[in-house]
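**Q** Sharing a structure here in structure tokens format.
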Amino acid sequence: MSAPSAHPAGAPTTGGNETRQATLTVRNASIAYGPKNPVIVNNVSFDVNQGEAFILIGRSGCGKSTLLRALAGFQELRSGQILLDGKNVTTPGPDRMMVFQNFDQLLPWRTAVQNVEFAIKKAGSKGAASVRQRALDALQMVHLSAAADKFPSQLSGGMQQRVAIARALAVRPRIVLMDEPFGALDAMTRASLQAEVLRLHKEMNMTLVFVTHSIEEAVYLGDRIGLMTPQGAFDGIFPNAFQGQVDSPEGTEFASELRTRLEASAV
Amino acid sequence: MNKPIQKTAVRLTVVAVVVLAWELVPRIAQISPIVLPPFSSAVAVLWERALDGSLWQSLLASLSLLVRGVGLGILIAIVMTAGCFIIPGGREVLQTLVGLFNPLPAIAILPLALLWFGFSERSMILVIVFSVVWAMSLNAYTGFSTIRPVLVDVGRNLGLRGPRLIASIYFSAALPHLLSGLRIGWAFAWRTAVAAELVYGAAGGQGGIGWQIYLDRSEFNTGGVFAGLLTIVLVGLVVEYGILNTIEMRTVKKWGMVN
């Protein structure tokens, strides 16, 4: 059995590809709530390349969601840098669209299609087709055309998350950030949405940073998996050869190796 | 058994019993019509005034003051609250102001308004604005501060900040609270408007419902006084059930924001 090959945090992780600029670059990022509190995210570095699905995994409270919020521009860094296409990220913006865990992230006073239209308009995203058409197209991508005129309160949790994904994609961001978007869904709905995200990632060459605490989800979706320790540092960044095949014998083995490593890091 | 129908039946029964008692008790007990005229004579006065147009004149006078005062009050409350949410430290300023002025009955500042503006519409409108502003601000404040953080994040994610964020996220998200503020504010305003007319008479030359009651009282026209009271209740019902409930049904209830 081959141990997962870990790259030390901060080292280049895309062998032979260093000349190309990464879509997202995180350099020695540390985050703390307030100047006197201990750091939650500790000196983390990684790149995410165009079209790549990068998974942040760790236990509850390890700082993975905080790190994602920093990528979105909601959270200030104590030190370090976040670069999107080489430019410093300091504020939130529609070039980094976030999909949250909460089902209630849709505006309850707008229908599904109006939620997507709202995002397209407010983001000032330009396109050839009308805003309405683009919103409908985005809903079609997540197989929700039939629910376009329903209000969020009339949709199931899984459908609401689909709308949130459509909303994120419709504004054509440089990168999509997902914060445990399926954490509160039942197992079957979760599996179908994971398949949906993997398909969109491949078909649209969607660049993705995805936070989860589920190893199966990480192996199913990720091109690379960044494993975080409870202290908020990286334990390693693992290339994943089993994307979409987490159920294969090798995928299962890889997942269990990751689990061992994750559990060891918790001590 | 259908629950809403049951409720409606109970309500109608209560109304019928009150009306019936009002009609029968004065007749059976032979109470003087100057003390308590039966329901039918109050309705007769109301009908007569509806036909000769005086009812509509006094209604219009009261409601026109009310609509202008409430409208201005809501506008001031919302602008003030939104401003206090944009400016750092503004929330404390707003809370302090509401804390100071909310307990003050609006009618109590009428003498001051009369000193400043005399017996004019402006005095009445000032008092009505005062009666609306604090209740509305308090509710807008609650609505803005209890907004789901994720909705604010969604707005910020799209690049919205400051006034644009308030306009496109906060307002709609706070609508359930804004509507209950409107409910409370309008009720304060209506009472205040009637009370002001009752105590100080007509302002600005046009007599409203309160003024009509005042006149009827001085002429011992008890039927007229009751007709005025009925009008006040009816306006309350129309606004409460006809207007405010309809707005709620078509907005926050339809959207599933309140049950």
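The values are calculated or read from the model by the stated rules, or taken from the named source; none is laboratory data. These numbers were taken from a predicted model, which means no experiment stands behind them. Cβ atoms come from the backbone with ideal geometry, glycine included; neighbour counts cover every protein chain shown. In case anyone asks, the SASA skips ligands and DNA or RNA and just uses the protein heavy atoms, side chains included. Shrake-Rupley method; radii C 1.70, N 1.55, O 1.52, S 1.80 Å.
**Q** Quick check: Cα centre of region A:202-267 to Cα centre of region A:104-136, how many Å?
**A** So the separation of the two Cα centres works out to 32 Å.
**Q** Do any residues of region B:146-169 lose at least 40 Å² of accessible area when the full set of protein chains is present rather than just their chain alone, and if so which, with a 1.4 Å probe?
**A** B:Arg148, B:Val150, B:Leu151, B:Asp153, B:Val154, B:Arg156, B:Asn157, B:Leu158, B:Ser168
**Q** While we're looking at this one, here's another question. Using per-residue counts of other Cβ atoms within 10 Å, averaged over each peptide, order B:70-83, B:124-137 from highest down.
**A** Ranking the peptides B:70-83, B:124-137 by packing returns B:124-137, B:70-83.
**Q** Averaged per residue, what accessible area in Å² does region B:85-156 show with a 1.4 Å probe, protein chains only?
**A** Heavy-atom SASA per residue in region B:85-156 reads 48 Å².
**Q** Interface size between chain B and chain A, please: total buried accessible area, 1.4 Å probe, rounded to the nearest 100 Å².
**A** 2000
**Q** For region A:42-132, what's the radius of gyration and Dmax over Cα atoms, in angstrom?
**A** 15.7, 45
**Q** Return one number: the angle in degrees, 0 to 90 and rounded to the nearest 10, between the long axis of the Cα atoms of helix A:157-170 and the longest principal axis of the Cα atoms of chain A.
**A** 90
**Q** Obtain the nm distance between the two label points defined at B:Lys3 and B:Leu100 by a simple spin-label model: each point lies 7 Å from its Cα along the Cα-to-C-beta direction.
**A** 4.6
**Q** Which value in nm describes the separation of the simple spin-label points at A:Ala187 and B:Leu75, placed 7 Å from the Cα toward the beta carbon?
**A** Reported label-point gap for A:Ala187 and B:Leu75 is 6.1 nm.
**Q** Sort largest first and round to whole Å: the equivalent ellipsoid semi-axes of region B:55-253, each the square root of five times a Cα gyration tensor eigenvalue.
**A** For region B:55-253, the ellipsoid semi-axes come out as 36, 19, 12 Å.
**Q** Given R₀ = 25 Å, FRET efficiency for B:Leu229-B:Leu112 by Cβ-Cβ distance, to 0.05?
**A** Approximately 0.35, to the nearest 0.05.
**Q** Zone of B:Leu60 (label point 7 Å along Cα→Cβ, backbone N under 12 Å): which residues in region B:92-134?
**A** none
**Q** Rounded, prolate or oblate: which fits the protein assembly as shown, taking a ≥ b ≥ c as square roots of the Cα gyration tensor eigenvalues, rounded meaning a/c under 1.5, else prolate when a/b beats b/c?
**A** prolate
**Q** Which of B:Gly208, B:Met249, B:Met124 sits closest to the plus end of the dipole of region B:55-253, meaning its Cα is farthest towards the positive end, when Lys and Arg get +1 and Asp and Glu get -1 on the C-beta?
**A** B:Met249
**Q** For the protein assembly as shown, with the dipole built from +1 on Lys and Arg beta-carbon atoms and -1 on Asp and Glu ones, taken about the Cα centre, which of A:Ala166, B:Pro33, B:Ile109 lies farthest toward the positive end?
**A** Value: B:Ile109.
**Q** Which parts of region B:1-25 would a label at B:Asn245 reach, counting a residue when its backbone N lies under 12 Å from a point 7 Å out along Cα-to-Cβ?
**A** B:4-5, B:7-9, B:11-12
**Q** Rounded to the nearest 10 degrees, what's the angle between the helix B:121-145 long axis and the longest principal axis of chain B, both from Cα atoms, 0 to 90?
**A** The helix B:121-145 is inclined about 50 degrees to chain B.
**Q** Could you size up the charge dipole of chain B around its Cα centre, putting +1 on the beta carbon of Lys and Arg and -1 on that of Asp and Glu, and report it in debye to the nearest 20? Write down the numbers at each step before the final one.
**A** Values: 18 positive and 11 negative charges, 207 e Å.
Using only the charged Cβ atoms, the result is roughly 1000 debye.
**Q** Roughly how many nanometres apart are two label points built 7 Å out from the Cα toward the Cβ at A:Ala241 and A:Ser130?
**A** According to this spin-label approximation, the distance is 5.2 nm.
**Q** Counting only protein heavy atoms, probe 1.4 Å: which residues of region A:77-123 lose 20 Å² or more of accessible surface in the full assembly compared with their chain by itself?
**A** So the qualifying set is A:Pro92, A:Pro94, A:Met97, A:Phe100, A:Asp104, A:Gln105, A:Leu107, A:Pro108, A:Trp109, A:Phe118, A:Lys122.
**Q** Among A:Cys62, A:Ser156, A:Thr90, flag the residue with its Cα farthest along the positive direction of the charge dipole of region A:13-158, charges on Cβ as +1 for Lys/Arg and -1 for Asp/Glu.
**A** With unit charges placed on the Cβ atoms, the residue in question is A:Thr90.
**Q** Are any of the pairs A:Lys126/B:Lys253; A:Lys122/B:Lys253; A:Lys121/A:Lys150 more than 30 Å apart by Cα-Cα distance, and if so, which?
**A** Distance filter (> 30 Å) returns A:Lys126/B:Lys253.
**Q** Using 1/(1 + (r/R0)^6) with R0 = 35 angstrom and r between the beta carbons of B:Val93 and A:Ser79, what's the FRET efficiency to the nearest 0.05?
**A** Calculated transfer efficiency: 0.50.
**Q** Under a point-charge model restricted to the Cβ atoms of Lys and Arg (+1) and Asp and Glu (-1), what is the dipole moment magnitude of region A:199-267 relative to its Cα centre, in debye to the nearest 20?
**A** Rounded to the nearest 20 debye, it is 200 debye.
**Q** Okay, next question. Between A:Ala146 and A:Asn205, what is the FRET efficiency for a Förster distance of 30 Å, r being their Cβ-Cβ separation, to the nearest 0.05?
**A** With R0 = 30 Å, the Cβ-Cβ based efficiency is 0.65.
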